[in-house]
Amino acid sequence: MAYVFDKGTVEQKNFMASEKFVSFSRQVDDTSYAVKTDAFGHKVIPAGTIYPTNDAKAEGVTINEVDVTHGPQMVGVIVEGYLFGQRLPVAPTAEAITALKKITFTDTDATAVSQA
């Protein structure tokens, strides 16, 4: 007899404005500012998170969601490309937009974004 259970539903907006991008691997852990706990109690960092912080220290944007419940994990970080900033889990701050010199946010005006 097989045990069947609902693993949940993933809801993620497409934040890629182009199929062409450059990414590098980075390591993340559960001390990240962006860690959220999902319905199953797992600590995850959502896809589209400004890495490592959403400020002047920003280096890129995570490609996929990563589970850091059981320790540090590798994640792809987009460092060059075209993205929809308003579709990210948290919109980039003006400082982050300035720091991400090779990422173009096609729907975000750097002067209109709040310093959240």
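The values are calculated or read from the model by the stated rules, or taken from the named source; none is laboratory data. Just so it is clear, the structure is predicted and the values come from calculations on it, not from any experiment. Note: ideal-geometry Cβ built from the backbone for every residue, glycine included; neighbour counts use all protein chains shown. When the accessible area is computed, the model is the full protein with side chains, heavy atoms only, and any ligands, DNA or RNA have been set aside. Shrake-Rupley method; radii C 1.70, N 1.55, O 1.52, S 1.80 Å.
Taking each residue of region 53-64 that is over 17 Å from Thr104 (Cβ atoms) and touching a residue at least 12 places away in the same chain (Cβ under 8 Å) and looking for partners that are basic (Lys, Arg) and surrounded by fewer than 18 Cβ atoms within 10 Å (Cβ to Cβ) with beta-carbon atoms closer than 9 Å, six or more apart or interchain, yields Thr62/Arg26. Looking only at residues of region 9-43 that are part of a strand (DSSP E or B) and touching an Asp or Glu at 6+ places or on another chain (Cβ under 6 Å), we find that the one that is farthest from Gly71 (Cα to Cα) is Val22. In region 76-110, what count of residues is obtained for those that are out of contact with any helix residue (DSSP H, G or I) (no Cβ under 8 Å at 6 or more places or on another chain), in a loop (DSSP other than H, G, I, E, B) and open to solvent by less than 20 Å² (accessible area, probe 1.4 Å)? Adding up the residues that qualify gives 3.
Taken over region 35-69, residues that are in contact with a helix residue (DSSP H, G or I) (Cβ under 8 Å, 6 or more places away or on another chain) and small (Gly, Ala, Ser) amount to 3.
For region 21-43, the set of residues classified as loosely packed, with under 12 Cβ neighbours inside 10 Å, small (Gly, Ala, Ser) and at pLDDT 95 or above consists of Ser25 only. Of the set (1) in contact (Cβ under 8 Å) with a residue 40 or more places away in the chain; (2) within 19 Å of Glu11 (Cα to Cα), all apply to His42 but (1). If the condition is being open to solvent by 20 Å² or more (accessible area, probe 1.4 Å) and part of a strand (DSSP E or B), then region 44-75 contributes Tyr51, Asp67, Gln73, Met74.
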